[in-house]
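This report refers to the structure that appears directly beneath it.
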Amino acid sequence: MELQYAHFGCGNGQCGHLKCSYVEVADCNKDLGLACASDGCETIIGLDDAQNCGACGHACKANETCENGSCVVPPPAVPTSCPEGLLLCGDACIDPLSDVNNCGGCGSRCVVGPKQVGTCKKGICQFECEVGWGDCTDTWGCETNLANHPAHCGACGNRCDTAAGQPCIDGQCLMTECDAGETK
């Protein structure tokens, strides 16, 4: 019988014992003590044996593979084509009609401004303001707080009469009527 990946050497303070020649191999059937009757280090544990991954009897889980002696979850398969209506962008199939990161084509991202929410509808970027905010000055984003802005109270262009003491509170121009005849 031929000894696989084993040689005679010293171990445990004594010479003349069989031992494995490489760290990537092991004596999984435990017959090295039989000397020349042994089949040596018959199992390669440092490569891709899913039943002996890195050690004798160390089996990888069903969703894992053995790579260089370690059980790993392989990355998902990269598609080479996509179903009809989808577009291959990098390693993913996307819908260019609704994907905000690839709106209308690969890499065409819907960039939102402050206090904005972006959507992709039919391949065109569309923007809406977050609740309580408005794009009242035609700058980038929704910069106007509609809850307390006297010139845009509750909606762009809805001006409170600040000269008459009318404040904008919670998106409404408020005015408290005086109590007739009562003084304090």
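State yes or no: is GLY54 over 30 Å from VAL131 (Cα atoms), part of a strand (DSSP E or B) and touching a strand residue (DSSP E or B) at 6+ places or on another chain (Cβ under 7 Å)?
no
Suppose the filter is of a type in the set (S, T, N, Q), under 30 Å from GLU143 (Cβ atoms) and either open to solvent by less than 40 Å² (accessible area, probe 1.4 Å) or at pLDDT 90 or above (or both); does THR119 pass it?
Answer is yes for this residue.
Out of curiosity, is VAL112 farther than 30 Å from GLN4 by Cα, open to solvent by 70 Å² or more (accessible area, probe 1.4 Å) and at pLDDT below 90?
no
Of all residues in segment 12-38, count the ones that are more than 18 Å from HIS58 (Cβ to Cβ), surrounded by 12 or more Cβ atoms within 10 Å (Cβ to Cβ), under 51 Å from the mean Cα position of the chain (by Cα) and not hydrophobic (A, V, I, L, M, F, W, C).
So the count comes out to 4.
Return the pair list, or none, for Cβ contacts closer than 9 Å from residues in segment 37-51 that are more than 15 Å from GLN4 (Cα to Cα) and in a loop (DSSP other than H, G, I, E, B) to residues that are modelled with pLDDT under 85 and open to solvent by less than 20 Å² (accessible area, probe 1.4 Å), at least 6 apart or on different chains.
From segment 37-51, no pairs qualify.
Can you tell me which residue is modelled with the highest pLDDT among those in segment 140-175 that are open to solvent by 70 Å² or more (accessible area, probe 1.4 Å) and over 46 Å from the mean Cα position of the chain (by Cα)?
Residue satisfying both the conditions and the ranking: ASP161.
Consider segment 67-99. How many of its residues are farther than 30 Å from GLY57 by Cβ and exposed (fewer than 12 other Cβ atoms within 10 Å of the Cβ)?
Going through segment 67-99 one residue at a time, the tally reaches 8.
With (1) part of a loop (DSSP other than H, G, I, E, B); (2) farther than 30 Å from VAL131 by Cβ as the list, and CYS10 as the residue in question, which single condition is left unmet?
(1) is the only condition that CYS10 fails.
The values are calculated or read from the model by the stated rules, or taken from the named source; none is laboratory data. Please read all numbers here as calculations on a predicted model, not as lab measurements. All Cβ positions, even for glycine, are placed from backbone atoms using ideal geometry, and neighbour counts span all protein chains on display. These area figures cover heavy atoms from the full protein model, side chains too; ligands, DNA and RNA do not enter into them. Shrake-Rupley method; radii C 1.70, N 1.55, O 1.52, S 1.80 Å.
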